[in-house]
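I have placed the structure first, in the form of structure tokens, so that the comments after it can refer back to it.
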Amino acid sequence: MKQDFSLMKEMSIYTHVGPNERFQQLNEFLNDIQKREEGRNELSKWQINLDNELVQLTEADRSRDGRSLAYLSAKNLDKWILIYSQRDSQIAHSFVDSLYKVCTAFGMRVDFPEMIELPDDRSETFIRAIENKANPQLDLVCCILTNNRKDRYDAIKKVLYVDCPVPSQMLLSKTLQKPGQLMSVATKVGIEINAKLGGEIWASKTLMLICIDIYRDSQSRSSQIVGFAASINPTCTRYYPRVIEQRSTKDFISGLKSCMQNALQKYHHVNGVLPAKIIVYRDGVNDLQLLDVTENKLPALNEICMKTQEGYDVLLVQVKSQICHGISQYDKCSSNAGCVCLHIPGTINVGICNYEFLADCSELVKCDHNNICYEPDHRCVHHPRCQSAPVCYPVPTYNRQLCPPLA
């Protein structure tokens, strides 16, 4: 069925719901839960309270509207180097000019960098330049790469993480070449650089963000490395990080409890209060794993929250994703052969694992100049049958069933 393009296209008529209809359905679902005693009892077990109405947001272009807003805390970019190949010389200078303009409005001072032009784009050439110029006094090392070759990206990042530990920013030259989009790209890069330097961008008081990810070594199946990071200040710009080695489910649960307890203690030490809301983001969970997360992982976190302080009531929310990391453009990302990794514009080896034949190029609209799609359940991606131009491609709600992750 999943390989049948006509059938999948027909199904999308019923699965792609418009915003007004979706809003109505969600409100009806919310009211149905509130009316039913069994629904209220189930929420009560988790100490969860639902509002009577959905939150309504006004539409905004973050890149454009955000350029005139100052950061909560801006870190200046005083000493930095920009490394690029000879063919990208003009792009590099245009990028520096745009970055200066957008960051000045943010309240972030950007000095002119040391421009290092390379004769070629080989990995060895980039690494040699970094090793010769990188030092602890630098604020940033920025590289403009000609393509998204994973081996070169990994090699450069390894040097900047291990051998010459300096904050870094990687950019693709084709991202900077898009007509009329350089200011938008520079805005997003400026925000990311400020965060990497320790600046504060957005405020979200009384909220704790927790991100959990797992690294699986393909050579050794005996253990996995779990990364845990929790925000500890109201602006969600300082984090409490931990790493767990998981050899069994029991190890993971006990390690997770320890991380959660320490994170809450750290948050309380910094703010004097515990967070009112906690959002847990767990990447790469398929539907089979989701049951285990819901029945084991989430209750373990909730148990620690309840034991932290008598009467402590927190809203604990889990978020899951269908992102493919470190997979080349259009490569296989699922046990379904029809699913490929559709890269998100402006990223390196980051995309959405989606079915390749959900729609024809003639039916798709191009993304706007900020790589934003305004259609519901659509994301801006590169597609192999659309000349690699960014298009608004459907990401159906049944995407996890359609494209189950690789084992």
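Let me know the shape class of segment 80-197, please: from the alpha-carbon gyration tensor, a ≥ b ≥ c as square roots of the eigenvalues, rounded when a/c is under 1.5, otherwise prolate if a/b is greater than b/c, or oblate. Oblate, since a/c reaches 1.5 and b/c is not below a/b.
Of the listed pairs Lys196/Lys277; Lys158/Lys277; Lys174/Lys196; Lys158/Lys366; Lys75/Lys257; Lys79/Lys101, which have alpha-carbon separations greater than 28 Å here? Violating the 28 Å limit, Cα to Cα: Lys158/Lys277; Lys158/Lys366; Lys75/Lys257. Per-atom-type breakdown for segment 80-197 gives carbon and sulfur 50% of the accessible area (1.4 Å probe, protein chains only).
Under 5 Å between amide hydrogens, built in the peptide plane, is the criterion, and for Leu118 it picks out Tyr84, Ser85, Gln86 among residues at least 5 positions away or on other chains.
3J(HN,Hα) couplings calculated from phi for segment 30-35 with the Karplus curve 6.51 cos²θ - 1.76 cosθ + 1.60 (θ = phi - 60°) are, in sequence order, 4, 5, 5, 5, 5, 7 Hz; Gly and Pro show x. Under 5 Å from the amide H of Cys367 lie the amide H atoms of Val391, Cys392, each residue being 5 or more positions distant or on a separate chain, with H modelled from the backbone and absent for Pro and chain starts.
The values are calculated or read from the model by the stated rules, or taken from the named source; none is laboratory data. All of these numbers come straight from a predicted model, not from anything done at the bench. Side chains are part of the model used for accessible areas, which takes the heavy atoms of the whole protein and leaves out ligands, DNA and RNA. Shrake-Rupley method; radii C 1.70, N 1.55, O 1.52, S 1.80 Å.
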